[in-house]
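**Q** If you scroll down you'll find the structure; I have some questions about it.
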Amino acid sequence: MHEFLHIFLHTLEHAATSLPFLFCAYLLIEFIEHRHAEKFAAWLAKFGKAGAAVGAFLGIVPQCGFSVVAANLYSNRIITAGTLLAVFISTSDEAIPVLISNPESAKSILPLIGAKLVLAMVTGFMVDRFGLFNITKEEIEAVEEEHSHCHTEGHNGLFKSTVLHTASTFAFIFIVMFAMEICLHAVGEETFAQFIASESVLQPLVAGMVGLIPNCASSIIIAQLFAEGAISFGAAFAGLSVGAGTGLLVLFRNDVDKIECLRLTGFLFIVSVLTGTVLQFIL
């Protein structure tokens, strides 16, 4: 019972870090939808192909806050798929603080961030340039219908609607993260660490699989193993590029097209692991 309570409180503490970002993201979205939809769309359009670059630089900021914001904005079709993927790839969640705290690995921070930044911008630009995840007319109509339904149900108002959306999404994130924490506790973080470091050739693939876990533990484990020299630069790159913190959870919670969410996740995984594998062989 004591361990269960500890896991519950730890999950609640970690999930709570996403609350300010969730609230701000929903407040921004509600504000845009209620008052400035056309102006904001025009402002974003000015970025054009540079949207992925902007997203990549925002994603560098430690923690997964911007990945949460990006997931919300994409679900509302305010930013492109390229910009979303750029944010996800450049996001490192808790990895940067872990590496900074280790003097031996601190020198690898800039190369790691730089490599992730380049991949984020290139991937985002290519996705938008070639329309790999074009938004269909049916998808736009589904989003508009959902928004219309939300606004016609009593006209909650800007603040109340923001609070309701934030609460429902936070509950979803907490439930999934709590389940993941129980699984991690049952298996043991040491077992995960041994699993990642066991096969040198397949390390980027294994690290990428661990990176998909929507929990800060995955980025901490990957960063710690890299700091200790147990995994390669390519493996750390792959795992941390796939890992988008709670951004993927928010995307699956809010986006009307779940198949598209799976495609985006698969694309994120493949690009990150392939690049990490190449880096492992050339570095």
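**Q** All but one of (1) hydrophobic (A, V, I, L, M, F, W, C); (2) surrounded by fewer than 24 Cβ atoms within 10 Å (Cβ to Cβ); (3) modelled with pLDDT of 85 or more hold for ALA70; which doesn't?
**A** Unmet for ALA70, out of (1) hydrophobic (A, V, I, L, M, F, W, C); (2) surrounded by fewer than 24 Cβ atoms within 10 Å (Cβ to Cβ); (3) modelled with pLDDT of 85 or more: (2).
**Q** Looking at LEU249, LEU184, which one is touching a residue at least 12 places away in the same chain (Cβ under 8 Å), more than 23 Å from SER90 (Cα to Cα) and either open to solvent by less than 10 Å² (accessible area, probe 1.4 Å) or out of contact with any Asp or Glu (no Cβ under 9 Å at 6 or more places or on another chain) (or both)?
**A** Within the list LEU249, LEU184, the selection yields LEU184.
**Q** Could you please tell me which pairs satisfy a Cβ distance under 8 Å, a separation of 6+ or placement on different chains, a first residue in the range 264-280 that is over 14 Å from VAL118 (Cα atoms), and a second residue that is part of a helix (DSSP H, G or I) and open to solvent by 30 Å² or more (accessible area, probe 1.4 Å)?
**A** Within 8 Å, the pairs are VAL273/LEU205; THR277/LEU205; GLN280/PHE233.
**Q** Find the helices (runs of 4 or more DSSP H) located wholly in the range 176-259 whose residues include 2 or more that are within 23 Å of SER105 (Cβ to Cβ), and list them.
**A** Here the list reads 189-197, 203-211, 216-227, 233-242.
**Q** If I go through the range 93-104 residue by residue, how many of them are of a type in the set (Asp, Glu) and open to solvent by less than 20 Å² (accessible area, probe 1.4 Å)?
**A** So the answer is 1.
**Q** Residues LYS116, LYS107: which one is surrounded by fewer than 18 Cβ atoms within 10 Å (Cβ to Cβ), within 30 Å of LEU274 (Cβ to Cβ) and modelled with pLDDT of 75 or more?
**A** Exactly one residue qualifies, and that residue is LYS107.
**Q** Name the pairs whose Cβ atoms lie under 7 Å apart, with the first residue in the range 105-132 and free of Cβ contacts under 8 Å to residues at least 24 places away in the same chain, the second of a type in the set (A, V, I, L, M) and open to solvent by 20 Å² or more (accessible area, probe 1.4 Å), and 6 or more positions between them or separate chains?
**A** ALA106/ILE100; ILE109/ILE100
**Q** Here is a further query. Which condition from (1) surrounded by fewer than 24 Cβ atoms within 10 Å (Cβ to Cβ); (2) under 15 Å from LEU112 (Cβ atoms) is the one that GLY239 breaks?
**A** For GLY239, the failing item is (1).
**Q** Related question: Determine whether SER108 is in a helix (DSSP H, G or I) and within 27 Å of ASP255 (Cα to Cα).
**A** Judged against the criteria, SER108 is not a match.
The values are calculated or read from the model by the stated rules, or taken from the named source; none is laboratory data. This is a predicted model, so every value here is computed, not measured. Every residue, glycine as well, gets a Cβ built from its backbone with ideal geometry; the counts of neighbours run over all protein chains shown. The accessibility values were calculated without ligands, DNA or RNA, using every heavy atom of the protein model including side chains. Shrake-Rupley method; radii C 1.70, N 1.55, O 1.52, S 1.80 Å.
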